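**Student:** Pasting a structure below so you can have a look.
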Amino acid sequence: MTKKKLTRREREKLRHRKEILDSACEVFAEKGFRRSTIQDISQRSEFSIASIYKHFQSKEDIYHSLIEQVLSVFLKTLKKSTQNLSDPLEKLYKSVETTLKMYEEKRAFCQFLFGELRPMIDEEAEQLSMKSLNAYLQIVAYFQCLFTEAIEKKSVIDVPPIYLTISLLGNLYAFMNYWLHLAGREIVEDLEPILGKEDYKVIPKVFFEAIALKPIKK
């Protein structure tokens with residue numbers, strides 16, 4: 001099926017929408033979602049408030065659209081990074097590396113996401129909330145599928161794939177959140193210093209050495 005070519009006006013609309021989302025990401029990262037206003041986003045993006053409302057219904061809509069956009073691109077990047085690999089364990093390891101690379105490249109987004117994450121489902125705006133929730137669940141489903149394949153091939157321990165997925169993603173998110181907000185701070189006297197940016201690969205190394213039943217090819 002031939003992909004429909006966008007008109008100049010449609011391309012311009014998508015470009016403006018992306019510019020607003022990029023600016024919102026920076027504002028949310030700096031001020032947090034709750035303290036940010038449409039006025040802040042307007043000043044950062046150089047779009048009028050009226051123009052912003054032509055693209056988004058509300059600040060919440062911007063929030064969920066931002067998550068949906070980044071996670072959708074992330075999922076495509078994950079699939080692309082593993083398309084030439086056949087072993088599910090190698091795919092998992094590569095996916096973790098890709099996740100950490102995303103963290104490095106999209107630091108502002110991660111700071112906003114992990115710094116002041118709102119509940120995925122907001123009863124007052126459930127329709128909007130479902131956008132970001134569905135995007136996140138696709139990431140979960142991706143890793144769960146790889147763990148299922150790895151268990152079938154006896155590459156990892158036989159634990160329900162969803163538990164392995166939650167454990168892996170939880171470890172990654174906890175590490176990224178710690179790195180964003182606690183690294184370098186003398187909060188607890190006896191707290192060991194967080195590993196430097198160049199040492200982040202210790203995370204997949206520790207996790208996969210704990211669950212893998214065979215060596216990972218590197």
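The values are calculated or read from the model by the stated rules, or taken from the named source; none is laboratory data. This is a predicted model, so every value here is computed, not measured. Don't worry about glycine lacking a Cβ; one is built from the backbone with ideal geometry, like all the others, and counts go over all protein chains shown.
**Student:** Here is a list of conditions, (1) exposed (fewer than 15 other Cβ atoms within 10 Å of the Cβ); (2) free of Cβ contacts under 8 Å to residues at least 40 places away in the same chain; (3) farther than 18 Å from residue 110 by Cβ, and residue 170 meets all of them except one; can you say which number that is?
**Tutor:** Every listed condition holds for residue 170 apart from (3).
**Student:** Now, a different point. Answer yes or no as to whether residue 56 is under 29 Å from residue 140 (Cβ atoms), among the aromatic types (Phe, Trp, Tyr) and modelled with pLDDT under 90.
**Tutor:** Values: under 29 Å from residue 140 (Cβ atoms): yes; among the aromatic types (Phe, Trp, Tyr): yes; modelled with pLDDT under 90: no.
Criteria not met by residue 56.
**Student:** Output the number of residues of region 197-218 satisfying the condition of being of a type in the set (Lys, Arg), modelled with pLDDT under 75 and either under 24 Å from the mean Cα position of the chain (by Cα) or surrounded by 10 or more Cβ atoms within 10 Å (Cβ to Cβ) (or both).
**Tutor:** Going residue by residue through region 197-218, those that are of a type in the set (Lys, Arg) are 197, 201, 205, 214, 217-218.
With modelled with pLDDT under 75 added as a condition, the list becomes 197, 201, 214, 217-218.
Subsequent filtering for residues that are either under 24 Å from the mean Cα position of the chain (by Cα) or surrounded by 10 or more Cβ atoms within 10 Å (Cβ to Cβ) (or both) retains 197, 201, 214.
Residues meeting the conditions: 3.
**Student:** Just to be sure, is residue 153 at pLDDT below 75 and either closer than 14 Å to residue 99 by Cα or not small (Gly, Ala, Ser) (or both)? It would help to see each step written out before you state the result.
**Tutor:** Values: at pLDDT below 75: no; either closer than 14 Å to residue 99 by Cα or not small (Gly, Ala, Ser) (or both): yes.
So residue 153 fails the test.
**Student:** So, residue 121, is that one modelled with pLDDT of 90 or more, in the same structural domain as residue 165 (by TED's automatic domain parsing) and not acidic (Asp, Glu) or not? Full working, then the answer.
**Tutor:** On the way: modelled with pLDDT of 90 or more: no; in the same structural domain as residue 165 (by TED's automatic domain parsing): yes; not acidic (Asp, Glu): yes.
Criteria not met by residue 121.
**Student:** So which helices (runs of 4 or more DSSP H) are wholly in region 1-97 and hold at least 2 residues that are of a type in the set (Ser, Thr, Tyr), in the same structural domain as residue 132 (by TED's automatic domain parsing) and surrounded by 15 or more Cβ atoms within 10 Å (Cβ to Cβ)?
**Tutor:** On the way: elements: 8-31, 38-45, 49-55, 59-81.
Because the criterion is at least 2 residues that are of a type in the set (Ser, Thr, Tyr), in the same structural domain as residue 132 (by TED's automatic domain parsing) and surrounded by 15 or more Cβ atoms within 10 Å (Cβ to Cβ), the helices (runs of 4 or more DSSP H) in region 1-97 that meet it are 59-81.
**Student:** Of all the residues that make up region 66-77, how many are at pLDDT 90 or above and closer than 18 Å to residue 133 by Cα? Before you say what the answer is, go through the steps one by one.
**Tutor:** Just the residues of region 66-77 that are at pLDDT 90 or above, to begin with: 75-77.
Next, only the ones that are closer than 18 Å to residue 133 by Cα stay: 75-76.
Counting residues in region 66-77 that are at pLDDT 90 or above and closer than 18 Å to residue 133 by Cα gives 2.
**Student:** OK, next. Take residue 8 and decide whether it is more than 30 Å from residue 144 (Cα to Cα), of a type in the set (D, E, K, R) and in contact (Cβ under 8 Å) with a residue 60 or more places away in the chain.
**Tutor:** Working: more than 30 Å from residue 144 (Cα to Cα): yes; of a type in the set (D, E, K, R): yes; in contact (Cβ under 8 Å) with a residue 60 or more places away in the chain: no.
Here the answer is no, as residue 8 does not meet what is asked.
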